[in-house]
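Accompanying notes for the structure given below.
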Amino acid sequence: MVFNKETHDVIVIGGGLIGCSIALRLAQQKIRVSVFDQGKPGAEASSAGAGMIAPQGETTQPDPFYELCAASRDLYADFVAEIEELSGRKVGLRREGTLMAALDETQRHGLQKIHEAQTKAGLKVERLSPEEARKRSPQLSSQIREALFIPEDYWIDNVRLMEALEQACLRAGVSFYPHAKVTRLITSNGEVESVESCAEPSSVPFHHAAGQFVLAAGAWSGKIASTLGISLPVKPCRGQMMEFEGATDFPFVLRAAHHYLVPRSGGRVIAGSTMEYAGFEKAVTGEGLRSILKGAVRIAPMVKELRFRAAWSGLRPDTEDHLPILGYGEITNLVFATGHFRNGILLTPITAQLISELILQGSASRPMEIYSPARFHLSRSRVPSHIEQQRKNHHRDHRQQKIE
Ligand SMILES: Cc1cc2nc3c(=O)[nH]c(=O)nc-3n(C[C@H](O)[C@H](O)[C@H](O)COP(=O)(O)OP(=O)(O)OC[C@H]3O[C@@H](n4cnc5c(N)ncnc54)[C@H](O)[C@@H]3O)c2cc1C
């Protein structure tokens, strides 16, 4: 791989879990890596998420995507131990398992299918009667019809993980450029030559050159790719969350359909979520909160007695086929690491491993074809002429500003 030793070797665009974990792996190999983020690194989906590390709960039947998720889960314990050691901060991976409950006949049918398919595939999954389930988790509603216990679906406090990962990156020598929005990628001879970044919309843009670029800007990745004339099919899927405090004895994650309760330290529990395609608006809405609360109380009626602590929303980076986009496209020095949708926290360790292998060795240790950006036939369209003109004007203005 060719790196640009005069400036940055690698520029990572996006300082969420995905961008930072890749940056860490590269810095550990003595690569000079810089992370650009339009805000505070880690403040978007990576902190907004619930922290479930749940390959089995996210699938009915094991398929290649499940294999990727399970491989990442299997890396998690070592990954967290490493981040804890590098950062000097406690993160804590919780490995007590996950309970999936059925609250009606449709859900019960769904759980039966999961149990059948996963047992056949040799995965660990226990079928529980309502009585057995309530014995393990007394908070569960008396209305549950049946439950599955999945001992190898874990969870983590992703806010703590993100903070520790950023610290680990700093100690490994990663340079951070917070509040540096990448406004476009600039190419020369068919390769990306530099990023243009601005602290504020009206401020003077800076150009930063590098040998390699990683696009890890989560739900915003499509906007950045469009500056190259590439229409990357990544769109934001909003998820709202609520946090309560005063809970005791939540022994593990409780799920029913798309609702869940995830324990956090200090008697906190978070409840999620919604799946909304509402553009880039990160609103918390009355309807969103109503549906989360209703779902949470159906799983565990005692939630309505808990003290409300906070509510927020985040944007999952969704793709057309809901699979991540990993690897090089047409441009030989631009690697994509985005589109992790509902599973970016789970997929962090494996993404960091595979993308750093691709950059450092030119190939990855697992087949990645199904995640290739090429599956979307992303040929670079001609940049629309008005954008080309804006770019020329912008470039001219920028040069004038520099001369003045
Ligand atoms: C409510 C909710 C619940 C979730 N629950 C789970 C879960 O339980 N388990 C799980 O595995 N996953 C979960 N997810 C999904 C997971 O959070 C995401 O897939 C993951 O965080 C994506 O990480 P990322 O680093 O790609 O994106 P982000 O964390 O969004 O990071 C992208 C970064 O790019 C930066 N950026 C954007 N544009 C620019 C630009 N122009 N210039 C510079 N920087 C830019 C942003 O500021 C941001 O910091 C959940 C998500 C949500 C919203």
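The values are calculated or read from the model by the stated rules, or taken from the named source; none is laboratory data. Values in this document were obtained by computation on a predicted structure and should not be read as measured data. Don't worry about glycine lacking a Cβ; one is built from the backbone with ideal geometry, like all the others, and counts go over all protein chains shown.
Observations, loosely collected:
- Any hit, the range 169-178, residues being outside any strand (DSSP E or B), more than 17 Å from ASP37 (Cα to Cα) and modelled with pLDDT of 95 or more: yes
- The listed residue being crowded, with 20+ Cβ neighbours inside 10 Å, near the ligand (Cβ under 7 Å from one of its atoms) and in the same structural domain as CYS198 (by TED's automatic domain parsing), out of ILE13, ILE53, ILE31, ILE22: ILE13
- From the list GLU126, GLU146, GLU82, GLU166, the lone residue that is surrounded by 15 or more Cβ atoms within 10 Å (Cβ to Cβ) and either assigned by TED's automatic domain parsing to the domain that holds GLY16 or small (Gly, Ala, Ser) (or both) is GLU166.
- Single residue of the range 304-338 satisfying the filter (of a type in the set (Lys, Arg) and part of a strand (DSSP E or B)) that is farthest from the chain's Cα centre (by Cα): ARG307
- When the range 203-231 is filtered for residues that are of a type outside the set (Ser, Thr, Tyr), under 14 Å from ILE325 (Cβ atoms) and either in contact with a strand residue (DSSP E or B) (Cβ under 7 Å, 6 or more places away or on another chain) or assigned to a strand (DSSP E or B) (or both), the ones remaining, listed by number, are VAL214, LEU215, ALA216, ALA217, GLY218, ALA219, GLY222, ILE224, ALA225.
- Within the range 20-71, being part of a loop (DSSP other than H, G, I, E, B) and of a type in the set (Ser, Thr, Tyr) holds for THR59, THR60.
- Just one of (1) more than 16 Å from the ligand (Cβ to nearest atom); (2) of a type in the set (Gly, Ala, Ser); (3) modelled with pLDDT of 95 or more fails for GLY190. It is (3).
- Condition check for VAL204: modelled with pLDDT of 95 or more and β-branched (Val, Ile, Thr): no
- Scope the range 43-100; condition within 24 Å of GLY14 (Cβ to Cβ) and at pLDDT below 95; matching residues: GLU58
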